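Readers should treat all values here as calculations from the given coordinates under stated rules, not as data from a laboratory. Quick caveat: nothing in here was measured; it's all calculated off a predicted structure. Reconstructed Cβ throughout: ideal geometry from the backbone, glycine too, with neighbour counts over all protein chains shown.
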Amino acid sequence: MGQTGKEKNFVSCVVYLHNDEAVVEDFLREICGVMQDHFEKYEVVCVNDGCTDGTVERIHAFLREWDGARSVSLINLSFYQGVETAMNAGSDLAVGDFLFEFDRCSPDFAPELIMQVYRRALEGYDVVAAAPKHGVPVTSRVFYALYNWSSHFRYRIRQERFRIISRRAVNRVNQMNIYVPYRKVMYMNCGLKTDTIVYDNKEMERRNRNREERGSRSGLAVDTLVIFTDVLEKFSMLVSILLFGFLLVMFGWIVYSVFSTVRPVEGWLSLMALMSFGFFMLSVLLTLIFKYLSIILNMSFKRQRYVVEGVEKLTK
């Protein structure tokens, strides 16, 4: 603590924005209020991921009426690039000793939870996440269950509203990978101490994602399962076992038809069915192989992780 009774650590708040006109002012007021009350030095980095509504105008309106905002920056991405890419851009610009990452403007938690997460980090945890107890979509539950079942990493993941990361954890992840496809997994399995605080969000957030967001989330889920789990290898093995079982059945049917008194019509139909099934399974396996190759090439050769149109320093 400093002489003012406030924390001396410099903290950065990275806030993801995509068409959040309705909630962005209240959310920033809550975040900046907590920062002003508890920290001597802080910054807020907002990432505009291709907003097409009045989100940016609402940010400017908020800053005109809020005198306590010490340092607020706005990163304007050139086009919609998805939450992971946008948050990587914000984290690269942030300079704090600790980083708060808010993946969405979701004011379904009490402001006190922000400091609870921070104090938990001071106990020796490099990554501390805040996870909601209610309101997790069924599709998300299925994804996390599938990931946790097939992942070879130690720590399990779940839906989170925000997290705090120490500078040591950020540096560790950046040293481990050129490209960070899914920050949550990388942070939770970077080898440093992590923790998750589950809070009771009685006022559950109800937000309908648009087509871009749904497509981005679906693609992210597939990429995560391919990169961080062996679910596709297990699926390939299952396909191979099914194909082998089908071949055994066909072989048994052929043996039975040879030694039985019933002489079926020439077996061109069964042969064609077998060939069709075999080619279908082959195409599935080739699709999985191509998916692996695509991700490996992307991670190995893609240097420019995001496209920025400009950065505005909204306050000094």
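Quick notes on this structure:
- Gained length - residue 79 relative to residue 122, 0.36 nm times residue gap less alpha-carbon distance: 11.8 nm
- Mean Cα-pair separation over length for segment 1-126, i.e. relative contact order, pairs under 8 Å, 6 or more apart, %: 36 percent
- Segment 11-209: equivalent-ellipsoid semi-axes (sqrt of 5 x gyration tensor eigenvalues, Cα, Å): 25, 19, 18
- Computed E for residue 154/residue 231 - FRET, C-beta separation, R0 22 angstrom, nearest 0.05: 0.80
- Counted by Cβ distance under 11 Å from residue 53, the other residues give a net charge of -2, where Lys and Arg count +1 and Asp and Glu count -1.
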